[in-house]
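Just below is one structure, and these are the notes that go with it.
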Amino acid sequence: MKPPLNRRDFLAQTAAGAAMATAATAATGTAMAGSSRLAKNALPENPTQKVTLGKTGIQVSLVGMGTGSVGSNQASNQTRLGVQGFTKVVRHCLDRGVTFFDVADQYGSHTYLREALKGVPRDQYVIQTKTHATNVADAKSHLERYRMELGVDYIDIVLLHCMTKDGWPVDNRGSMEYLMQAKEEKLIRAHGTSCHGMAPLRTSAKNPFVEVDLARINPEGLIMDDRKPDEVASVLEEMHTAGKGVIGMKILGEGRIRDPEKKDASLRYVLGLGTVDAFIIGFENTDQVDDLLKRTADAIAFLKG
């Protein structure tokens, strides 16, 4: 058996890997689009069924809660609910079987989630957060602070936040090195990227550092930069085939997809790709949770035929 790639060997290959990713053509990805649509018997049975993120071994509910809707300057629509309102939505999610929560320093949602999850056993939920750190010192400082703000000993998934360039592995070499070390020390369980744009997404598909990717996907191309859903879908298929965990975001276009029929169409599209392991929705009230879970259940039933 081939020995696992250590951090030194991995980082030595980073520049070469980034160059290879840049050289990959969109034509290859387009040819892959739709070629591995999810078999009906492989669809989850319900919206809160536990699914595994690629080869990480991390199991999350199919539907997760995002906390960064229209997020900026340490605030989001979720944190603007206040601690009490935020907690009400999180607890309702837990009651309905949603156990996957996406947060970030930039949303200011760490301490809100800590308060909302007080008293809940640590093994009953999965936390994903993100860092803008580019060097070892900042990444280490961020992770120490995040664990304190979240009130946890370890964080399940930490992503490099908002990658916008194909050369992100070079720019983030230090933070990558530290996150790999943090995984060895069991401070985190997996690392990866959140991508804004096709160039960084293609790089993430080929880079072994990325165990989990958070990607924008919906059939209308809303809040997706270049607005080419099938092109994005082809890269997600490449990721999925490589064993990376794929998490969808902007499924409803950050709230811009309001028409009920279009919501249903988006859920069917994303679930039907067969490459998105789970997805997050920025719930702002309990009615939205119930509505989305019902629509997801209906989409699953529709796809199963």
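If you take the beta carbon distance between Gln84 and Asp123 as r and set R0 to 25 Å, what does 1/(1 + (r/R0)^6) give as a FRET efficiency, to the nearest 0.05? My answer for the efficiency is 0.45.
Could you work out the relative contact order of the range 50-304, using alpha carbon pairs under 8 angstrom and six or more residues apart, expressed as a whole percent? Display every interim value, and only then the final one.
Numbers: 510 pairs, mean separation 52.6, N = 255.
Relative contact order for the range 50-304 comes out at 21 percent.
Using 0.36 nm per residue of separation minus the Cα-Cα distance, give me the extension gain between Lys186 and Gln59 in nm, one decimal.
Working: separation 127, 0.36 × 127 = 45.72 nm, distance 1.66 nm.
Length gained between Lys186 and Gln59: 44.1 nm.
Under 13 Å from the Cβ of Thr193, count the other residues' Cβ atoms, weight Lys and Arg +1, Asp and Glu -1, and hand me the total. With Lys, Arg at +1 and Asp, Glu at -1, the neighbours total +2.
For the range 225-254, the residues whose amide N sits under 16 Å from a probe point set 7 Å from the Cα of Asp291 along the beta carbon direction are 251-254.
Heavy-atom accessible area for Tyr112, with the other protein chains in place and a 1.4 Å probe, reaches approximately 50 Å².
Please find the FRET efficiency linking Ala242 to Ala42, where r is the Cβ-Cβ separation and R0 is fixed at 22 Å, and quote it to the nearest 0.05. Don't skip to the answer; put the middle values down first.
Numbers: r = 18 Å, r/R0 = 0.81.
That pair, Ala242 with Ala42, gives E of 0.80.
Enter the accessible area of Glu144 (Å², nearest 10), with the probe set to 1.4 Å and all protein chains included. Rounded to the nearest 10, the figure is 100 Å². Once the chain from Thr52 to Ala265 is taken as fully extended at 0.36 nm per residue, the excess over their C-alpha distance is 74.3 nm.
Leaving ligands, DNA and RNA out of it, rank Val170, Val136, Val51 by accessible area with a 1.4 Å probe, largest first. Please list the in-between numbers first.
On the way: Val170 90, Val136 60, Val51 20 Å².
Sorted descending by solvent-accessible area, the residues read Val170, Val136, Val51.
Shown are Arg80, Arg202, whose ranking by accessible area with a 1.4 Å probe and every protein chain present, most to least, is Arg80, Arg202.
Taking all protein chains together and a probe of 1.4 Å, list Asp230, Asp105 from the most accessible to the least accessible. Show your work: numbers first, answer last.
Values: Asp230 90, Asp105 20 Å².
The most accessible residue leads, giving Asp230, Asp105.
With a cut-off of 14 Å on the backbone N, the residues of the range 135-151 near the modelled label site 7 Å out from Lys165 along Cα-Cβ are 135.
Considering only protein heavy atoms and a probe of 1.4 Å, how much of the accessible area of the range 50-304 is carbon and sulfur, as a whole percent?
Values: 4560 of 9770 Å².
C and S atoms contribute 47 percent here.
The values are calculated or read from the model by the stated rules, or taken from the named source; none is laboratory data. Note that the structure is predicted; figures quoted are calculated from it, not measured. Here Cβ is always computed from backbone atoms with ideal geometry, including for glycine, and neighbour counts include all displayed protein chains. For accessibility, only protein heavy atoms count, side chains too; no ligands or nucleic acids. Shrake-Rupley method; radii C 1.70, N 1.55, O 1.52, S 1.80 Å.
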